[in-house]
Amino acid sequence: MAKRRGTAACALLLLLLSSVAFQSREGEALASNWGTRSTHPLPADIVVRLLKDNGFDKVKLFEADPFALQALGRSNIQVMVGIPNELLAPLAASVRAAEQWVLRNVSSYISKNGVDIRYVAVGNEPFLKTYMGMFQQTTFLALQNIQAALIKAGLGRQVKVTIPLNADVYQSSNGLPSSGDFRPDIHDLMLSIVSFLRDNGSPLTINIYPFLSLYADPHFPVDYAFFNGAANPLVDGPITYTNVFDANYDTLIWALERNGLSDISVIVGEIGWPTDGDPNANVDNARRFNQGLFDRIAKRMGTPKRPTPPDIYVFALIDEDAKSVQPGNFERHWGLFYYDGSVKYPLVLADGRSLVPAKGVRYMEPQWCVMAPEASLTDPQLGGSVDYACEYADCTSLGRGSSCGDLDARGNVSYAFNQFYQRADQQKGACAFGNLSVITRSDPSQAACRFEIMIDIGRHDKSVNSSAGASAVGVRGVAAGVAAAAAVTLVMW
């Protein structure tokens with residue numbers, strides 16, 4: 001009997017210790033968005049190790065990427081898996097389609113791979129004003145069908161649905177959070193969606209971007225975008241707001257309360273700061289913003305209107321060089337890490353640790369394609385060659401105020417040529433811009449401007465004609481291969 005009491009006491013002690021450890025881990029939990037729109041994606045197993053090494057225990061995927069999901073199996077990382085907007089119409093039109101999607105992309109990964117899927121994100125900011133109502137007729141129906149499919153699969157309690165929404169779904173008539181309400185054109189739709197989520201024990205997910213407030217309005221007070229700013233505060237009755245995140249988030253909380261929906265939980269699905277592609281997108285600003293954000297997460301801080309801290313998914317984990325730049329050149333530079341998992345800038349985590357880089361990354365040969373020393377800037381073929389290179393490769397770092405914006409004319413040409421060359425897996429014909437280019441093994445990087453060496457993903461076409469006489473044909477042949485490879489990569493990833 002005494003032995004049993006001792007065993008029971010030991011078990012209770014272990015339970016208490018594990019509970020304390022769990023609570024401590026929850027207090028330091030980090031969540032991130034993992035986007036996969038990259039021409040040379042970091043291998044999924046390396047990304048999962050990167051997440052774990054840096055204390056991220058929650059991740060959001062924008063689509064059911066098979067490589068990412070397989071790598072996340074038995075990793076103890078909680079997963080939110082997304083459904084792209086282009087799938088909303090077919091999922092809204094057919095419960096059977098929703099059941100098949102859940103079977104392929106949720107049930108199978110949970111049962112076969114041990115993936116800890118907690119949420120399905122139906123669509124991605126489907127009510128953006130710029131979409132002109134394109135998804136307003138299908139989003140709620142798709143949400144209902146996915147919920148029904150999860151219940152049928154026996155996952156209704158384990159996996160919850162949500163919709164990541166842009167902060168433009170709510171507004172304030174006078175700029176004060178306490179006047180928050182949903183946009184008139186989607187007001188009733190939002191009430192239906194939020195009620196449905198609440199009734200099914202699901203959260204509302206909102207994306208908030210202080211950077212975009214600064215980007216959209218040249219008169220926006222810069223310090224108000226940061227958590228440690230010294231801008232004039234916004235006074236709303238008894239509450240004083242010192243940063244735009246708190247004010248924006250509380251505008252949503254007021255909108256929910258105004259419509260009798262204040263008891264729903266809220267997730268911040270995306271928030272971050274880019275490091276390139278715009279004068280305000282730089283390493284210093286990103287470090288300042290994200291350090292303030294990480295400090296809030298570590299301290300479990302909420303907002304004045306809702307002190308309970310929300311789950312916050314940092315945007316993003318890694319840069320994506322194949323993302324659309326329609327919103328701006330900064331779109332490819334949101335990562336805490338560069339494309340290869342190397343650290344952009346130091347951040348202090350909850351326990352005093354710093355970010356650590358990815359391990360086990362394989363690179364292509366240390367060689368670059370640059371403008372030939374004997375080539376002339378007045379060569380009539382030069383402009384077209386640079387345009388052609390940037391059509392297929394990422395030249396967003398060359399813009400005004402960007403990391404490579406201070407290069408001279410020859411440096412600009414070299415950067416464009418090298419981006420194309422690396423994008424094309426260093427194929428022989430990819431540095432055949434007539435007599436304008438040459439391959440060098442001397443790193444041409446300058447100050448903050450990095451001339452990249454791409455990750456080796458095993459695509460090497462040795463058959464391209466790189467002779468001087470066939471250079472134009474060779475480069476165009478490589479470009480066709482680049483476009484085809486991009487299509488394959490984006491389908492796979």
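The values are calculated or read from the model by the stated rules, or taken from the named source; none is laboratory data. This structure is a prediction, so every number in the text was calculated from the model and none was measured. Using ideal geometry, Cβ is built from the backbone for each residue, glycine included, and neighbour counts are taken over all protein chains shown. These accessible areas exclude ligands, DNA and RNA; they are computed on the full protein's heavy atoms, side chains included. Shrake-Rupley method; radii C 1.70, N 1.55, O 1.52, S 1.80 Å.
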Name the residues in the stretch 72-94 that are small (Gly, Ala, Ser) and either under 23 Å from the mean Cα position of the chain (by Cα) or buried (at least 16 other Cβ atoms within 10 Å of the Cβ) (or both), would you?
-> Gly73, Ser75, Gly82, Ala89, Ala92
Filter pass, Asp351 being touching a residue at least 12 places away in the same chain (Cβ under 8 Å) and part of a loop (DSSP other than H, G, I, E, B) | yes
List every residue pair whose Cβ atoms lie under 9 Å apart, where the two residues are 6 or more positions apart in sequence or sit on different chains, the first residue falls within the stretch 393-407 and is within 16 Å of Ala286 (Cβ to Cβ), and the second residue, located anywhere, is at pLDDT below 95 and part of a loop (DSSP other than H, G, I, E, B).
-> Ser403/Ala447; Ser403/Ala448
Of the residues in the stretch 402-425 that are part of a loop (DSSP other than H, G, I, E, B) and either out of contact with any strand residue (DSSP E or B) (no Cβ under 8 Å at 6 or more places or on another chain) or hydroxyl-bearing (Ser, Thr, Tyr) (or both), the one that is surrounded by the fewest Cβ atoms within 10 Å (Cβ to Cβ) is Asp408
Are there any pairs with C-beta distances below 6 angstrom linking a residue in the stretch 224-238 that is closer than 22 Å to Asp295 by Cβ to a residue that is in a loop (DSSP other than H, G, I, E, B) and of a type in the set (A, V, I, L, M, F, W, C), with the two at least 6 apart or on different chains, and if so which?
-> Tyr224/Ala231
Taking the stretch 369-401, which residues are in a loop (DSSP other than H, G, I, E, B), in contact with a helix residue (DSSP H, G or I) (Cβ under 7 Å, 6 or more places away or on another chain) and open to solvent by less than 80 Å² (accessible area, probe 1.4 Å)?
-> Ala393, Asp394, Cys395, Gly399
When you look at Asn174, is it open to solvent by 30 Å² or more (accessible area, probe 1.4 Å), part of a loop (DSSP other than H, G, I, E, B) and touching a residue at least 60 places away in the same chain (Cβ under 8 Å), yes or no?
-> no
Subset of the stretch 280-339, residues among the β-branched types (Val, Ile, Thr), surrounded by 18 or more Cβ atoms within 10 Å (Cβ to Cβ) and within 19 Å of Phe226 (Cβ to Cβ), comes to Ile297, Thr303, Ile312, Val314
Please indicate, with yes or no, whether at least one residue in the stretch 134-141 is open to solvent by 10 Å² or more (accessible area, probe 1.4 Å), in contact with a Lys or Arg (Cβ under 8 Å, 6 or more places away or on another chain) and free of Cβ contacts under 8 Å to residues at least 60 places away in the same chain.
-> no
Going through the stretch 221-244 one residue at a time, which ones are surrounded by fewer than 17 Cβ atoms within 10 Å (Cβ to Cβ) and either touching a Pro at 6+ places or on another chain (Cβ under 6 Å) or aromatic (Phe, Trp, Tyr) (or both)?
-> Ala231, Thr240
Complete set of residues in the stretch 426-465 that are modelled with pLDDT under 95, assigned to a helix (DSSP H, G or I) and not small (Gly, Ala, Ser) = Lys428
Filtering the stretch 245-279 down to residues that are touching a Leu at 6+ places or on another chain (Cβ under 6 Å) and surrounded by 22 or more Cβ atoms within 10 Å (Cβ to Cβ) yields Ala247
Answer with yes or no whether Pro366 is open to solvent by 50 Å² or more (accessible area, probe 1.4 Å), within 21 Å of Thr39 (Cα to Cα) and not hydroxyl-bearing (Ser, Thr, Tyr).
-> yes
Taking Thr36 and the conditions (1) open to solvent by less than 80 Å² (accessible area, probe 1.4 Å); (2) modelled with pLDDT under 95, which numbered condition does it fall short on, given that it satisfies the others?
-> (2)
Would you say Lys60 is at pLDDT 95 or above, of a type in the set (Lys, Arg), within 21 Å of Leu336 (Cα to Cα) and open to solvent by less than 10 Å² (accessible area, probe 1.4 Å)?
-> yes
Considering each of Asp319, Asp340 in turn, give the residue that is in contact with a strand residue (DSSP E or B) (Cβ under 8 Å, 6 or more places away or on another chain), closer than 19 Å to Glu270 by Cβ and not hydrophobic (A, V, I, L, M, F, W, C).
-> Asp319
Do we have Arg74 as outside any helix (DSSP H, G or I), among the charged types (D, E, K, R) and within 14 Å of Val159 (Cβ to Cβ) here?
-> no
In a loop (DSSP other than H, G, I, E, B) and in contact with a Lys or Arg (Cβ under 8 Å, 6 or more places away or on another chain), is that true of Pro304?
-> no
Flagged pairs (Cβ under 6 angstrom, 6 or more apart or on separate chains; first in the stretch 44-55, open to solvent by 10 Å² or more (accessible area, probe 1.4 Å); second of a type in the set (Lys, Arg) and modelled with pLDDT of 95 or more) are none
Quickly run through the stretch 95-133 and pick out the residues that are more than 28 Å from Ala71 (Cβ to Cβ), surrounded by 14 or more Cβ atoms within 10 Å (Cβ to Cβ) and over 20 Å from the mean Cα position of the chain (by Cα).
-> Val95
Could you tell me whether any residue of the stretch 359-366 is of a type outside the set (Asp, Glu) and outside any loop (DSSP other than H, G, I, E, B)?
-> yes
Residues of the stretch 286-328 being farther than 30 Å from Ser262 by Cα and more than 18 Å from the chain's Cα centre (by Cα), in sequence order, are Arg288
Output the residues belonging to the stretch 142-160 that are of a type in the set (A, V, I, L, M), touching a residue at least 12 places away in the same chain (Cβ under 8 Å) and in a helix (DSSP H, G or I).
-> Ala142, Leu143, Ile146, Ala148, Ala149, Leu150
